[in-house]
1. Do we have Met245 as buried (at least 17 other Cβ atoms within 10 Å of the Cβ) and aliphatic (A, V, I, L, M) here?
2. Is there a residue in region 386-401 that is buried (at least 22 other Cβ atoms within 10 Å of the Cβ), among the aromatic types (Phe, Trp, Tyr) and in a helix (DSSP H, G or I)?
3. Tell me which residues, restricted to region 437-449, are crowded, with 17+ Cβ neighbours inside 10 Å and touching a Lys or Arg at 6+ places or on another chain (Cβ under 9 Å).
4. Where residues in region 1-27 are under 13 Å from the mean Cα position of the chain (by Cα) and at pLDDT 75 or above, which of them is farthest from Met147 (Cα to Cα)?
5. Out of all the residues in region 432-453, is one or more under 22 Å from Ala337 (Cβ atoms) and of a type in the set (A, V, I, L, M, F, W, C)?
6. Name the single residue, out of those in region 474-489 being more than 15 Å from Ala460 (Cβ to Cβ) and touching a residue at least 12 places away in the same chain (Cβ under 8 Å), that is most open to solvent (accessible area, probe 1.4 Å).
7. Restricting to region 200-219, name every residue that is crowded, with 24+ Cβ neighbours inside 10 Å and touching a Leu at 6+ places or on another chain (Cβ under 9 Å).
8. One residue is enough: does region 490-505 have a residue meeting the conditions open to solvent by less than 20 Å² (accessible area, probe 1.4 Å), touching a Lys or Arg at 6+ places or on another chain (Cβ under 7 Å) and touching a residue at least 40 places away in the same chain (Cβ under 8 Å)?
Amino acid sequence: MVLFLLHVAGAAALLIWSVRLVRTGVERAFSVPLRRWLRLGAGRPALAAIAGAGVAVLMQSATAVAMLATSFIAAGTMTASVALAIVLGADVGSALVVQLLLLRADWLVPLLLLAGVTLFLRSEAKVLRQSGRIIIGLALIFVSLGMIRDATEPLRESAALAAAMGYLGGDAVSAFLIGAVFAWAVQSSVAAVLLAVTFVAEGLMPVPVAAAMVLGVNLGGSFIAWFLTLSAEIEARRVVLANLMLRGGGAVLALLALGTVVRYLPLVGAGGVRQILTLHLGFNLIVALVALPFCGPVLRATARILRAPEVPADLARLSALEPSALPFPDRALACAAREVLHMGEEVEAMLRPVLRLYASWDAPTAEAIRRKESAVDRMHFETKLYLARLTRESEGVEVARRSVELADLAANIEAAGDAVSRVMLGLAARMGPENLRFSETGWQELTDFHDRVLANAQAALNVLMTLNPDAARALVEEKERVRVVEHDLQRSHLERLRQGLVESIETSNVHQETLRALKQVNTAFTMVAYPILSETGDLLASRLARPPQG
């Protein structure tokens, strides 16, 4: 019995990890195109839902799509109703993933492993390496499902299992709760449904029990994003709450009608697997179709439930620059690194909402950005003094080198804050008084570029925390892509000027200066990676070509 439990637990762990492996690969390789795809549905709920479904299929996670949608709300580049439509579509896409992953083709696993490992080990390009990761993850999903089938085969004749399933068959609520808790515990509704359907395929779980459990998975899956956004902005949390009410509430209603639902399941297919898969997909599709026309009213209802909290008493943040740590260089350097990291977080917080001020000026938001910029300037000044004092009191060459690196990083991040607060905020302030409006294409280009730079800023802060050479290398590669994209966008803008578009002519200076400011912010954050790559030997001493010999 212990050996059986070990095999099942190991197979389930491999399944959960494999799904996460695919999602991680997609996020690392295709996050920018996927984010752009999601924004295509702005103003068109049906198209937004389709985009959400497509991205969920690629990422194998409705939760990941929900987190992307909430980040767009925080940046002001997407309305809450469009974000809710995307999340509803993502639930349907997540259900489609299960259908695709249950295809049984024994010859496919070695082919996927061979292709995936070859791409991952032999490719230098980031996209190809991550594509290899994705393919390996898909192969391991099929392997884990086969392991589950093999491990559970002896249970078909188990009297204890038959008794447990008999009990759950008469207690649908317990089966429902088991499914909900399991989905929340493994942080993946895809993995939870795959496991339940595999048990049905092996004859270990009756269809009524699996139906109740899969409905519970839908409730548990909708809770995942809720817990992950507890500290997010109120508007983003309302979107997640709305999805929880629609998907989770729909699951509870379907549970109440489970007897009727199970009675009609044979109409969709003779096999139990087909019935459960159709139930899971059909449930999410019905919820999306019914809810899409009512996204606005549902969000207004959540606004009455989830009110903006009163501003609590503000506890001033203490600086990480502890004077008592100066006699201990390693500890003092860690304190300085923490302060630089916090500077980066403050600049990221400034960058996130600034673009929406171009479309609709908001004085409190602008003032908040200015206050943060002042705080960043103060932290920069104090960090320089702290590091200067550290180098005076310490004699080690390594301490001096690391102090210079941190001082340079602080200067770069402070420059990024200036670009946001002084340049971009100043440009945004001109839009209203001068009655300026970007062309539709120009505004789309700016929002895409802003989103790319924001994603890179977040990646840079992760690099600063982890000091991961692979992540640092990917960040520098992305810097070059940003340079190329910015150049292409400048040319695209000049082409619109050549065509005589009035909006482009009126906003020409604002458009071009905003692109340059965002590029400057991206460059400043990317500098986080250079000290790491210098230590690993991945950084060239100069980009200049060698002079000809002789």
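1. Judged against the criteria, Met245 is not a match.
2. Within region 386-401 (the criterion being buried (at least 22 other Cβ atoms within 10 Å of the Cβ), among the aromatic types (Phe, Trp, Tyr) and in a helix (DSSP H, G or I)), the answer is yes, since at least one residue qualifies.
3. Selection gives Ser439, Gly442, Trp443, Thr447, Asp448, Phe449.
4. Val26
5. no
6. Arg483
7. The answer is Met205, Val209, Ala210, Ala211, Ala212, Met213, Val214, Leu215, Gly216, Leu219.
8. The answer is yes; a qualifying residue exists.
The values are calculated or read from the model by the stated rules, or taken from the named source; none is laboratory data. Treat the numbers as computed from the prediction; the structure is a model and nothing was measured. Neighbour counts run over all protein chains shown; Cβ positions are idealised from the backbone, glycine included. All accessible areas refer to the heavy atoms of the entire protein, side chains included, with ligands and DNA or RNA removed. Shrake-Rupley method; radii C 1.70, N 1.55, O 1.52, S 1.80 Å.
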